[in-house]
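Please read the structure below before turning to the comments.
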Amino acid sequence: DLLLGGHNEYTYDDTSGTNVILDIYGGATAGKRGILSLSGRTGSDDGDLGTIWFNNDNNSSASPGNNMKLSCAIQAKSVTSDNNAQNDAGGYLSFFTKADGGSVAEKMRLSEVGILNLSDGGLELDQTGYKFQITGSGGGEAASMAIKNQGSHPAKLHLMSGHGNWSVCNSATVG
């Protein structure tokens, strides 16, 4: 365990002390906060800035493949149009997951301009025409979205613009 920030107990621990925790505390002064900073140094587009890996040590291989220890990752990459000559590069976040028996692949990307793309296999994650896109490959539910209200009221999708507003919802009456 590692406690940083001048305190001698965790700020939060619901594990009964059974896990290893990195706790970064902002201190006793109001307005101070703990910061985890991952830094890279690159002048190229798509350069590596920082990565968080989520590993399963019970998996058997450190090499890429369906039995690798890496199960999920969050990665930050640089965005620059001029090799960072103006010292103003941006960045995007990629989220990687691995299905049971599968390989790690990028499944979600949040672009440098706030566009969110989801994909079942890394398809069209650099698409920039829409603020939100779901991309699939195949039939059935490959490119579908569900809006679920677990209560007793309708689930709704609201489409709003200066040309008028539309709502799509299911019936409030069941049966």
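The values are calculated or read from the model by the stated rules, or taken from the named source; none is laboratory data. Here the structure is a predicted model, which is why all the values come from computation and not from measurement. Neighbour counts run over all protein chains shown; Cβ positions are idealised from the backbone, glycine included. The accessibility values were calculated without ligands, DNA or RNA, using every heavy atom of the protein model including side chains. Shrake-Rupley method; radii C 1.70, N 1.55, O 1.52, S 1.80 Å.
Among residues of segment 125-137 that are more than 16 Å from S94 (Cβ to Cβ) and in a loop (DSSP other than H, G, I, E, B), those with a beta-carbon under 8 Å from a residue that is modelled with pLDDT of 80 or more and small (G, A, S) at least six positions away or on a different chain give the pairs K131/G114; G136/S119; G136/S144.
When the residues of segment 139-158 are narrowed to those that are open to solvent by 90 Å² or more (accessible area, probe 1.4 Å) and part of a strand (DSSP E or B), which ends up nearest to L116 (Cα to Cα)? Before the answer, list the steps.
Initially, segment 139-158 is screened for residues open to solvent by 90 Å² or more (accessible area, probe 1.4 Å), giving 141, 145-146, 148, 150, 152-153, 156, 158.
With the extra rule that they be part of a strand (DSSP E or B), the set shrinks to 156, 158.
Values: K156: 20, H158: 18 Å.
Ranking the qualifying residues of segment 139-158, first place goes to H158.
Residue count for segment 21-39 satisfying the condition of being β-branched (V, I, T), modelled with pLDDT under 85 and surrounded by fewer than 12 Cβ atoms within 10 Å (Cβ to Cβ): 1.
Which residues, taken from segment 41-76, are modelled with pLDDT under 90 and assigned to a loop (DSSP other than H, G, I, E, B)? Within segment 41-76, N56, D57, N58, N59, S60, A62, S63, P64, G65, N66, N67, K69 qualify.
Could you check, for segment 81-88, whether at least one of its residues is small (G, A, S), closer than 27 Å to L116 by Cβ and surrounded by 11 or more Cβ atoms within 10 Å (Cβ to Cβ)? So that I can check it myself, show each step before the final result.
To start, the set of residues in segment 81-88 that are small (G, A, S) comprises 81, 85.
Restricting the remaining residues to those that are closer than 27 Å to L116 by Cβ gives 81.
Subset that is surrounded by 11 or more Cβ atoms within 10 Å (Cβ to Cβ): 81.
Checked segment 81-88: at least one residue is small (G, A, S), closer than 27 Å to L116 by Cβ and surrounded by 11 or more Cβ atoms within 10 Å (Cβ to Cβ).
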